[in-house]
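First up is the structure itself, then whatever we jot down about it.
The values are calculated or read from the model by the stated rules, or taken from the named source; none is laboratory data. Small disclaimer: the values here were computed from a predicted structure and weren't measured. Because the Cβ atoms are built from the backbone with ideal geometry, glycine has one as well, and the counts that use them run over all protein chains shown.
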Amino acid sequence: MISRRAFLASVAAVLLGGCGSSDARKRIAFVEAGSESANAHFVEAFRKGLREMGYEDGRNVTVDVRWAEGRMERFSPLLADLAKAKPDVIVVASSQGAVEAKKVVKTTPVVFVGVSDPVGLGLVQSLAHPGANMTGLSRVFGEGLLGKALEALREIVPGATRIAILYNPEGAVEPRVAEAHSAIRSLDLVPIPVEMRDLPSLEKGFAAMRGQHADAMLVVTDPLTLRHRDAIVKGAADHRLPAVYEFAEFARAGGLVAYSASIPALFERAAVYVDKILKGARPADLPVEQPTKFELVVNERAARDLGLALPQTLLVRADERIR
């Protein structure tokens, strides 16, 4: 015979949606900027955050994931299609994705992840008071963080004076490119901007760096560069070019050193915003959150391949050492 406690627990599970119909589930649409093969761990970090908030995909929520494959032109149709289905909230990754969401999604709450300058891009009125249907988590890089990343690079390559900045000019990264120029000049180094619009243009970019005698490289991350991180890391190795990256994923793919906010931590934190919105909060009233977890990742194998000695002072500061 079932106990009274067990009976009440089963009733509670039904009321919470554990055994209810799928029509009762809250619907979350998720547009990831990259490809499933390269960025699935970002979505898993978001699902982990949902589980910690009491949500399970397929039980009391439905998460519909779409992939932009690192292509700017895919965001608009993906977002428009998802908005027509009237989800309870849309989560969108990257500055480009958020910019397109601002154009396409007019009423559905939107939580953005990894936007470098939400105010400058016109997504919110202010960080404290977003003011419309969008809020989320920014990805601050800024001159201070850039300075730390470049200092790490200079510790490894103290003689480097000319620093190439590899970036996608169509990637909504203008503020970060400007910050990179300023940070490089503040260290009495010379910035060399180099564009990458697609994968075929990457080798031309490395040729341009060689022609301008670049000593090292800083990669500004957007969905395109992140999607092609293996090719970028390989190109840097082939051209014997020490490089620093904004995402730890580049160092884990074989790049020399990366310093940035933890991107998986941002995706996990996005679940908190989703939870608040599903419980009735308005995005206009939810302040944009700045990252609090940062990571320095050093790839010792890459350094050995380049014939570089990593200073002990850098190694002891590293959050992760890839041997």
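Kindly indicate whether Ser37 is modelled with pLDDT under 85 and surrounded by fewer than 16 Cβ atoms within 10 Å (Cβ to Cβ).
On the way: modelled with pLDDT under 85: no; surrounded by fewer than 16 Cβ atoms within 10 Å (Cβ to Cβ): yes.
No.
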Original post:
Say we look at the range 146-204 and pick out the residues that are assigned to a loop (DSSP other than H, G, I, E, B) and in contact (Cβ under 8 Å) with a residue 60 or more places away in the chain; which of these is surrounded by the most Cβ atoms within 10 Å (Cβ to Cβ)?
Top reply: Val173
Original post:
Pro87 is checked against (1) in contact (Cβ under 8 Å) with a residue 12 or more places away in the chain; (2) farther than 19 Å from Gln290 by Cβ; (3) not assigned by TED's automatic domain parsing to the domain that holds Phe30 and fails just one. What number does that condition carry?
Top reply: (3)
Subject >> Odd one out for Val119, checked against (1) within 18 Å of the chain's Cα centre (by Cα); (2) within 30 Å of Pro242 (Cα to Cα); (3) surrounded by fewer than 18 Cβ atoms within 10 Å (Cβ to Cβ) >> reply: (2)
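Does Pro109 meet the test of being over 18 Å from the mean Cα position of the chain (by Cα), surrounded by 24 or more Cβ atoms within 10 Å (Cβ to Cβ) and touching a residue at least 24 places away in the same chain (Cβ under 8 Å)? Give the steps one after another, and end with the answer.
Details: over 18 Å from the mean Cα position of the chain (by Cα): yes; surrounded by 24 or more Cβ atoms within 10 Å (Cβ to Cβ): yes; touching a residue at least 24 places away in the same chain (Cβ under 8 Å): yes.
For Pro109, the condition - over 18 Å from the mean Cα position of the chain (by Cα), surrounded by 24 or more Cβ atoms within 10 Å (Cβ to Cβ) and touching a residue at least 24 places away in the same chain (Cβ under 8 Å) - is met.
Tell me whether the range 273-289 contains one or more residues that are within 13 Å of the chain's Cα centre (by Cα) and touching a residue at least 12 places away in the same chain (Cβ under 8 Å). Please lay out each step first, then the result.
Going through the range 273-289, the residues within 13 Å of the chain's Cα centre (by Cα) turn out to be none.
Scanning the range 273-289, I find no residue that is within 13 Å of the chain's Cα centre (by Cα) and touching a residue at least 12 places away in the same chain (Cβ under 8 Å), so the answer is no.
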Original post:
From the residues in the range 63-89 that are closer than 20 Å to Arg229 by Cβ and in a helix (DSSP H, G or I), which one is farthest from the chain's Cα centre (by Cα)?
Top reply: Arg74
